[in-house]
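Working notes for the structure below.
Bear in mind that the values in this text are calculations on the coordinates, not laboratory data. All of these numbers come straight from a predicted model, not from anything done at the bench. Here the Cβ positions follow ideal geometry from the backbone for every residue, glycine too, while neighbour counts run over all protein chains shown.
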């Protein structure tokens with residue numbers, strides 16, 4: 001016990017004691033240290049000189065994944081800084097199959113299926129597919145095509161993206177958006193050519209005989225065929241022979257502009273035989289003919305009318321049933337060169353033989369200064385016109401109507417007439433219940 | 001004696017002046033502090049406290065337009081439109097070159113469907129600030145409402161040229177393209193870009209839905225418009241767009257239900 005007032009003895013800073021370390025621990029520690037130093041040395045050797053003269057170490061390194069063989073290195077030059085991204089099948093119609101890199105056979109394609117590098121898409125007769133790449137580029141694959149997604153890589157540091165697809169026997173259209181990062185590109189590889197695209201709309205066909213045709217509808221494309229490289233500009237077409245030779249670059253006619261009917265026009269007809277719509281377009285050239293397509297879908301896979309060789313800038317369409325239709329037109333030169341289609345427009349046909357329904361609410365009697373008024377209200381088809389006892393009544397957007405008949409007396413009735421846009425008429429009569 | 005008196009008087013005045021200056025400096029500091037605090041309270045949603053502080057600031061600094069503008073913002077948030085309008089106007093009276101107050105007032109007028117008044121106000125601003133992206137954007141909105149779609153497109157394009165990638169300007173240009181029934185592909189691209197920047201913006205969702213409608217891709221149109229309406233059920237323009245699409249695709253019952261639902265709100 002230390003008494004008050006007495007000085008405390010100062011404790012030493014370090015309390016030296018004899019510590020005995022077991023000899024086995026010391027040995028294990030030394031062996032571990034040597035192993036670490038040796039591993040560091042081997043790693044540095046492999047990384048620095050490639051281990052050309054150290055076959056054993058090379059194999060050892062390969063085994064542990066430290067170093068890859070030269071061939072592997074060439075195949076994946078920047079694999080350590082590359083991110084792989086995905087594409088998606090946004091539209092599938094008809095017979096479309098996909099073979100993933102891992103699988104051996106083609107399986108039925110599904111909408112919204114994710115596509116990776118090395119995946120193949122095959123369309124058969126009547127089959128269509130649309131692939132949306134992560135950066136917004138779209139690839140439309142037409143029937144009887146085989147497309148392989150070759151590359152979908154992004155440099156982790158520079159964010160430059162490289163997408164490439166291999167076309168075997170194919171018919172495709174690609175819309176490539178302006179890249180967000182300068183240097184990014186979309187490449188289409190055919191058996192005999194390579195097309196580098198930064199921002200363009202193109203169509204590429206590869207025939208069974210391995211001839212290719214490239215059409216550029218907007219933007220420009222750098223085309224490499226063998227050692228030759230050409231810039232193919234907007235509204236130009238180029239044929240590439242199977243011997244890897246560029247044929248003459250030809251001009252394409254520009255797309256016509258649709259003139260009418262206005263987009264999203266609705267036509268009403270009472271009978272199918274009455275149905276008649278005039279589709280019109282404009283173009284400055286006079287020496288060309290036109291091809292028109294009318295389809296039931298915006299991808300123009302479900303075609304209901306196709307007419308070619310039209311010399312007029314308009315056509316009368318008849319016999320279409322109720323439904324929504326999409327239409328577009330392309331120009332064809334006397335030499336048979338077909339340009340891009342116009343943007344499409346939409347119209348709707350309604351063949352309506354059904355008279356509009358009339359549902360009347362209970363009649364509301366209002367007594368005013370000894371006289372009785374009757375409030376007639378009800379519901380009919382939206383956009384139908386309504387008459388109550390020969391008086392026109394305004395309906396709201398939902399087809400509801402309300403009208404007050406003044407000074408009604410016992411025995412009076414109400415007659416409601418509703419006429420729809422086509423002229424179908426419905427009449428409803430009801431007695432006014434006055435006691 | 002008189003010289004002494006003069007000396008003392010001068011000394012006294014000097015003291016008075018210096019005291020006044022220091023006192024007024026203290027007042028300035030307090031006003032500045034309260035102005036900052038009011039701003040913080042306002043952005044924190046404590047509108048009542050912020051309002052009181054701004055009123056105090058205005059009492060002590062009645063010639064400064066900023067507190068008037070900020071108080072206008074508070075009244076606008078509280079839905080007291082007349083008061084908001086009065087304060088924005090006061091801010092502009094004090095400084096006609098006060099761009100923010102001008103734009104705030106124009107937005108308020110547009111919300112009150114006073115398109116022509118907003119248009120005039122923004123055009124006046126253009127004399128002083130011809131390169132203001134916000135003014136061009138506002139004028140574009142006015143032109144859409146006035147039915148001059150091509151002029152609206154020019155204004156939105158100019159706004160984008162000046163300020164670059166602003167999602168709101170992208171959205172507005174996309175909407176104008178859609179209304180013109182031209183450049184629908186470009187509209188789709190712009191609208192998607194805007195939505196990518198602000199995925200939870202109901203107005204942007206509405207525009208994308210409307211673009212899809214104009215392109216005849218109705219399932220996507222309904223999907224985006226439905227999302228937009230779920231976010232902002234009180235927004236009549238979104239409801240009206242969805243009603244139009246339902247009508248077009250023949251789903252009249254859904255259209256009618258939407259109208260009825262809107263009438264009950």
Item to check | Helix B:236-248 axis, angle to chain B major axis (alpha carbon atoms, nearest 10°) | outcome: 10
Item to check | Theoretical FRET efficiency, 1/(1+(r/R0)^6), r = Cβ-Cβ of residue A:409 and residue A:387, R0 25 Å, to 0.05 | outcome: 0.75
Item to check | FRET efficiency estimate (nearest 0.05) - Cβ-Cβ, residue A:134 to residue A:353, R0 35 angstrom | outcome: 0.10
Checklist outcome for this item: Mean separation of Cα contacts under 8 Å (at least 6 apart) over the residue count of chain B, i.e. the relative contact order in percent, is 7
Item to check | Label-point gap, in nm, between residue A:40 and residue B:181 - each point 7 angstrom along Cα→Cβ | outcome: 7.6
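Which of rounded, prolate or oblate describes region A:81-251 when judged by the alpha-carbon gyration tensor and an a/c cut-off of 1.5? Could the numbers behind the result be given before it?
Numbers: a/c = 1.71, a/b = 1.16, b/c = 1.48.
It comes out oblate by the Cα gyration axes.
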Checklist entry - Taking Cα centroids, how far is region A:198-253 from region A:310-324 in Å? => result 33
Checklist entry - Expressed as a rounded percentage, what relative contact order does chain A have, with Cα pairs under 8 Å and six or more residues apart? => result 7
Next on the checklist: Could you identify which residue out of A:261, A:382, A:298 has the top mean-square fluctuation in a GNM of chain A using Cα springs shorter than 10 Å?
Outcome noted: A:382
Checklist entry - Shape of region A:257-351 from its Cα gyration tensor (a ≥ b ≥ c, root eigenvalues): rounded if a/c is under 1.5, otherwise prolate when a/b > b/c, or oblate? => result prolate
Checklist entry - Which one of A:23, A:291, A:138 has the biggest mean-square fluctuation once chain A is modelled by GNM with Cα springs under 10 Å? => result A:23
Next on the checklist: Let me make sure I get this right: for chain A, a, b and c are the square roots of the gyration tensor eigenvalues over alpha carbons, sorted descending. Under 1.5 in a/c it's rounded, otherwise prolate if a/b > b/c, else oblate. Which is it?
Outcome noted: oblate
Checklist entry - If each of residue A:373 and residue A:360 carries a label point 7 Å out from its Cα toward its Cβ, how far apart are those two points in nm? => result 1.9
Next on the checklist: Place a point 7 Å from Cα of residue B:161 in the direction of its Cβ. Which residues in region B:97-132 have their backbone N less than 17 Å from it?
Outcome noted: B:126-127, B:129-132
Checklist entry - What number, in percent, do you get for the relative contact order of region A:359-431 if the mean sequence gap of Cα pairs under 8 Å and at least 6 apart is divided by its residue count? => result 27
Item to check | Beta bridges by DSSP in region A:257-351, antiparallel share as percent, to the nearest 5 | outcome: 85
Checklist entry - So, in Å, what gap is there between the alpha-carbon centers of region B:88-150 and region A:370-435? => result 47
Checklist entry - Can you give the calculated 222 nm mean residue ellipticity of chain A, where each DSSP H run of n ≥ 4 adds -39,500 (n - 2.57) and the sum is split over every residue, rounded to the nearest 500 deg cm²/dmol? => result -3000 deg cm²/dmol
Item to check | Tilt relative to chain A, helix A:55-64 - C-alpha long axis, 0 to 90 degrees, to 10 | outcome: 40
Checklist entry - Can you work out the FRET efficiency for the pair residue B:223 and residue B:89, with r the C-beta to C-beta distance and R0 = 35 Å, to the nearest 0.05? => result 0.25
Next on the checklist: What's the ranking of A:323-329, B:110-116, B:193-199 by average number of surrounding C-beta atoms within 10 Å, highest first?
Outcome noted: A:323-329, B:193-199, B:110-116
Checklist entry - Add -39500 (n - 2.57) for each DSSP H run of 4 or more in chain B, then divide by its residues: what number comes out at 222 nm, to the nearest 500 deg cm²/dmol? => result -27500 deg cm²/dmol
Next on the checklist: Need the C-alpha centroid separation for region B:171-224 versus region B:56-75, integer Å.
Outcome noted: 39
Checklist outcome for this item: Counting only DSSP beta bridges with both partners in the protein assembly as shown, the antiparallel fraction in percent, to the nearest 5, comes to 95
Item to check | Stretchable slack from residue A:284 to residue A:425, in nm (0.36 nm times residue separation minus alpha-carbon distance) | outcome: 46.1 nm
Next on the checklist: Viscosity 1.567 mPa s, temperature 4 °C: give me the Stokes-Einstein translational D for region A:111-201 in µm²/s, with Rh taken as the Kirkwood radius over C-alpha pairs.
Outcome noted: 97
Next on the checklist: Springs between alpha-carbon pairs under 10 angstrom, Gaussian network model over chain A: which of A:401, A:300, A:86 fluctuates most?
Outcome noted: A:401
Checklist entry - Within region A:301-342, what residues put their amide N at less than 18 Å from the label point 7 Å along the Cα-to-Cβ vector of residue A:111? => result A:301-303, A:324-326
Checklist entry - So what's the angle, to the nearest 10 degrees on a 0 to 90 scale, between helix B:252-263 and the longest Cα principal axis of chain B? => result 20
